[in-house]
Each structure stands twice: as structure tokens, then as C-alpha cells.
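Reviewing the structure listed below.
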Amino acid sequence: MDLDSTMFFRADNTKENATQEILNTVYGALVEKGYDPISQIVGYILSGDPAYITSHKNARALIRKLDRDELVEVLVRSYLDK
């Protein structure tokens, strides 16, 4: 591998859509339970501790299906696309 070249990474749109759907479900569940969803999701992303996510609406199990790197990628892409 050439250390001077840049590697290209392409996300699968189907996977990205599934990630967005899970994130929206988790966000909604956190709001319904009265949590600050942004703080809770950031806490989960930074620590990897699923206790930041409520089990309401199966949100904790859903978010654990995602790789945290994929989650960050979707969030950054969404932010920069706007």
C-alpha cells in the first residue's frame, strides 16, 4: 500500500438509510422518555455504553446493531450535506 495515496471510502446507501431509520427511532424513544436525545446519543457514541440509550421501543437493542463508526459517518454526512 502506498502511504502517500488517499484511500476512498464509499458508504452503501441502503446501509446508510437503515442507520438513519434506527437513529430516528432511537431519537424518538429518548424524547418520549423525557431525555435530551442529543446528549444521550453523544454519550453513547463517545463511550460505547448502551446505558445512555433507553430500552423504550427497543431503542437500546436497535442502536447496538450499528457500528459506532458508521453512526458517526451518517451524522457527519447529514450535517455536511445541509
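The values are calculated or read from the model by the stated rules, or taken from the named source; none is laboratory data. All values derive from a computational prediction rather than experimental measurement. Note that each Cβ is placed from the backbone with ideal geometry, even for glycine, and that neighbours are counted across all protein chains shown. Surface accessibility is based on the protein's heavy atoms, side chains included, excluding ligands, DNA and RNA. Shrake-Rupley method; radii C 1.70, N 1.55, O 1.52, S 1.80 Å.
General remarks:
- Qualifying residue in segment 18-29 (condition: more than 13 Å from the chain's Cα centre (by Cα) and modelled with pLDDT of 90 or more): yes
- Answer residue from segment 26-51, given it is of a type in the set (Val, Ile, Thr), open to solvent by less than 60 Å² (accessible area, probe 1.4 Å) and touching a helix residue (DSSP H, G or I) at 6+ places or on another chain (Cβ under 6 Å) and is nearest to ASP69 (Cα to Cα) among those: ILE45
- Cβ-Cβ contacts under 7 Å between residues 6 or more apart (or on different chains), taken from a first residue in segment 43-54 that is over 12 Å from VAL72 (Cα atoms) to a second residue that is part of a loop (DSSP other than H, G, I, E, B) and open to solvent by 10 Å² or more (accessible area, probe 1.4 Å), are listed as PRO50/ARG64; THR54/LYS33; THR54/TYR35.
- Selection of segment 30-50 for residues being over 14 Å from the mean Cα position of the chain (by Cα) and of a type in the set (A, V, I, L, M) yields only VAL31.
- Residues satisfying the stated conditions in segment 12-25, i.e. surrounded by fewer than 13 Cβ atoms within 10 Å (Cβ to Cβ) and polar (S, T, N, Q): ASN13, THR14, ASN17, ASN24
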